[in-house]
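FYI, it's all coordinate maths here, none of it is from the lab. From a predicted model like this one, the values you see are computed outputs, not experimental measurements. Cβ placement follows ideal geometry from the backbone for every residue including glycine, while neighbour counts extend to all protein chains displayed.
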Amino acid sequence: MKVAIYCRVSTQEQTTENQKLPLIQFCERMGWTYEIFEEKESTRNTRPVQYDLYNKLLHKEFDGLVIYKFDRWARSTKELIEHMESLYNRGITIYSYSENIDLSSSMGRAMLTIISAFAQLERDLIRERTLAGLARARAWGKKLGRPRNPPCKTQANS
C-alpha cells in the first residue's frame, strides 16, 4: 500500500521530526511505501502542502493517509470531518498514529467525531480566555497592539 505521511507544525521555528520519525517507523512496520509531506505554516487559512496532498488523495494517487494527530490536518471541526469523509468515501485508508484511530471501522469514525468536537471546544475556550484577557487589560488602561516604531532619524550630509 502506498501512503502519504502528513506532518505539520505552526511555525518555522518548530520541527516536524517528532511527528515524522514515529510515522515512518509505523509505515515501515506495516510494510507500506510512503511519501512524506511536511508543512511549516503559521497562517490560519493557507496550508498549500495540505491542499495539494488532499487533491492527490482525492485523485487516488495514494491508497492511504497517515497523520500524527487529527488536529495536525485541519483547524476546524467542519474541515476535518468534511475532508475525512470525502477521503473515506473514496476508499482512502486514514490512520491517526497518536490517537490510534483507523477510520475504516465504525468505532474509528465515531472517535473522529468526538475528538474533533473536543478540539473545537478547546479552540473556542482559548479564544474566550484571550478575549477576556484583552478586555481586562483594556479596562486597566493597558495599551494593546504592536508598539509604534519611532520615526527614523537621518543625518543630513553637510
Checklist entry - How far is helix 48-58 tilted, in degrees, relative to the longest principal axis of the Cα atoms in the chain, given as a value from 0 to 90 rounded to the nearest 10? => result 20 degrees
Checklist entry - Nearest 0.05, what FRET efficiency do ALA132 and VAL49 give at R0 = 35 Å with Cβ-Cβ as r? => result 0.50
Checklist outcome for this item: Amide H contacts under 5 Å for SER104, restricted to residues at least 5 apart in sequence or on another chain and with H modeled in the peptide plane, are ILE94
Checklist entry - Tell me, ASP63, ASP124 in order of fewest to most beta-carbon neighbours within 10 Å? => result ASP124, ASP63
Checklist entry - Pick from LYS69, LYS142, LYS60: which is most flexible by mean-square fluctuation in a GNM of the chain where alpha carbon atoms under 10 Å apart are linked? => result LYS142
Checklist entry - For the residues LEU58, LEU53, LEU131, what sequence is obtained by ranking on other C-beta atoms within 10 Å, fewest first? => result LEU131, LEU58, LEU53
Checklist entry - In the chain, with Lys and Arg counted as +1 and Asp and Glu as -1 at Cβ, which of these residues, LEU23, VAL9, LEU125, has the Cα nearest the positive end of the dipole, that is, farthest along it? => result LEU125
Next on the checklist: Need one number: nm distance between label points at TYR88 and GLN14, each 7 Å from Cα along Cα→Cβ, rounded to one decimal.
Outcome noted: 2.5 nm
Checklist entry - Rounded to two decimals, what ratio of Rg to Rh does the chain give with C-alpha atoms and a Kirkwood Rh? => result 1.16
Item to check | Estimated dipole of the chain in Debye, rounded to 20 [Cβ of Lys and Arg +1, of Asp and Glu -1, Cα centre] | outcome: 1140 debye
Item to check | Degrees, to the nearest 10: 106-139 long Cα axis against longest axis of the chain | outcome: 0 degrees
Item to check | Fraction of beta bridges assigned by DSSP in the chain that are antiparallel (%, nearest 5) | outcome: 10 percent
